[in-house]
Amino acid sequence: MQFDVDLTPLTTFQTKSRAEAFCAVDSVEALASALSEAKAKGMSVNLLGGGANTIARAWVKGLTLKVAIPGVTVDVDDQNVCRVTVGAGETIDEVIGALVEKNLGGLENLSSIPGTVGGAIVQNIGAYGVEIGPFVETVTVYDMEEGRLLTLTQAECRFGYRHSVFKTPQGAGLVIVSVTLNLGNPKDWRPTVSYRAVEDALAHEENPTLTPAFMRTLIQGIRARKLPDPRVIGNAGSFFTNPVITTVHWRELISVHPNLPWYDLDEDHKKLAAAGLIEAAGFKGEGTETVGTYPHHALILVNRGGATGEEVERFAETIVERVEALFGVRLEAEPVFLG
Ligand code: EPU
């Protein structure tokens with residue numbers, strides 16, 4: 001355990017931040033021992049993976065614990081069903097790259113999403129018509145209270161849109177250590193091409209052969225054209241979730257603001273594109289000295305240089321308030337604030 005540690009390079013938003021204590025653990029044993037040291041010192045514990053969905057405030061009290069548990073094992077059973085067991089600290093994009101190289105498809109539409117496997121599970125990452133939740137067979141967790149390992153099934157993870165049990169009070173004491181993903185029989189793989197941006201990109205390809213590797217390259221291209229690379233510009237991806245409203249509310253809203261983008265969800269609900277609300281509120285490309293929205297995508301908040309978590313939070317709050325005043329819809333932040 002180290003004390004007074006610079007957290008700035010450990011989150012993709014790269015807010016200026018220091019942790020009271022910090023420890024990176026690469027095994028369950030190291031995790032257990034760091035947790036008992038924190039307990040002995042009376043310190044609270046904050047979990048960190050790749051820091052891709054975390055905004056660290058200036059001072060983070062307690063122990064910040066980076067889960068860096070490695071390992072990738074691929075297993076094909078006698079029914080030809082492919083399972084991959086991955087340590088929570090692996091980088092999700094590297095795992096997807098290695099699977100695709102073996103022609104094992106399923107997760108390729110999630111290519112280029114930053115962060116670790118553990119973080120991917122916590123927030124049930126999704127992109128271009130695919131979410132990770134449906135591939136999860138089991139998740140092995142370390143229960144901080146009980147001091148032992150538990151295995152959760154997919155149903156117990158309670159995956160939803162950018163949601164899982166790990167975001168709720170019931171899951172708060174569980175540290176994800178590894179995940180088993182079921183990719184099914186590789187012969188049954190089909191590309192997921194129903195998303196508008198994917199259809200548009202495919203229309204520019206001549207007679208493409210849709211392999212997992214081809215789809216990964218296609219998705220990497222779509223993302224690179226639209227989203228800022230966190231290695232170059234600090235950001236945490238989409239800053240707000242896309243709000244779901246009732247069809248009744250949507251009808252009123254669209255009658256006054258007919259150009260707001262939305263999607264059908266079910267008979268009683270529509271999903272609004274949060275990016276569209278933020279753009280219509282006049283925030284696209286705007287901001288303060290240190291934080292703003294990305295000029296090519298209004299839903300991405302970016303670090304303009306030297307931002308603190310508090311400044312990010314204040315700017316996000318300004319957006320939330322103006323969007324609510326204009327459209328009667330309250331945006332919910334996607335990233336977790338530390339400190
Ligand atoms: N739009 C605007 N202004 C903009 C950008 C977009 O009005 O500046 C409108 C357009 O009408 C566009 C719509 O918003 O059609 C949706 O934009 P996009 O296809 O980029 O998707 P998104 O809803 O903004 C979601 C996920 C992304 C994921 C993409 C692709 C959420 C919160 N975000 O973004 O996930 O990559 O779909 O599937 O659901 C993330 O969670 O960090 C993330 C990047």
Considering residues of segment 143-189 that are among the polar types (S, T, N, Q) and either assigned to a strand (DSSP E or B) or without any contact (Cβ under 8 Å) to a residue 12 or more places away in the chain (or both) only, the residue most open to solvent (accessible area, probe 1.4 Å): 170
Qualifying residue in segment 246-255 (condition: open to solvent by 20 Å² or more (accessible area, probe 1.4 Å), in a loop (DSSP other than H, G, I, E, B), at pLDDT 95 or above and not basic (Lys, Arg)): no
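If you check 193, 198, which single one turns out to be in contact with a Phe, Trp or Tyr (Cβ under 6 Å, 6 or more places away or on another chain), more than 28 Å from residue 303 (Cβ to Cβ) and within 16 Å of the ligand (Cβ to nearest atom)?
Just one listed residue meets the conditions, 198.
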Residues of segment 201-223 classified as open to solvent by 80 Å² or more (accessible area, probe 1.4 Å) and either under 21 Å from the mean Cα position of the chain (by Cα) or within 13 Å of the ligand (Cβ to nearest atom) (or both), total: 1
Residues satisfying the stated conditions in segment 228-275, i.e. within 14 Å of the ligand (Cβ to nearest atom) and more than 20 Å from residue 335 (Cβ to Cβ): 254, 257, 258, 259, 260, 261, 262, 263, 264, 265, 270
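Would you list the strands (runs of 3 or more DSSP E) that sit entirely within segment 271-339 and hold 2 or more residues that are out of contact with any Gly (no Cβ under 9 Å at 6 or more places or on another chain) and modelled with pLDDT of 95 or more?
Numbers: elements: 291-294, 297-303, 336-338.
It comes to none.
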Scope segment 276-296; condition at negative phi, without any contact (Cβ under 8 Å) to a residue 40 or more places away in the chain, more than 7 Å from the ligand (Cβ to nearest atom) and among the small types (Gly, Ala, Ser); matching residues: 292
Pairs, first in contact (Cβ under 8 Å) with a residue 24 or more places away in the chain and farther than 12 Å from residue 189 by Cβ in segment 99-119, second acidic (Asp, Glu) and away from the ligand (no atom under 16 Å from the Cβ), C-beta under 8 Å, six or more apart: 116/90; 117/90
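The values are calculated or read from the model by the stated rules, or taken from the named source; none is laboratory data. Note that this is a predicted model, so its numbers are computed, not measured. Heads up, the Cβs are rebuilt from the backbone with ideal geometry, glycines too, and the neighbour counts pull from every protein chain shown. Side chains are part of the model used for accessible areas, which takes the heavy atoms of the whole protein and leaves out ligands, DNA and RNA. Shrake-Rupley method; radii C 1.70, N 1.55, O 1.52, S 1.80 Å.
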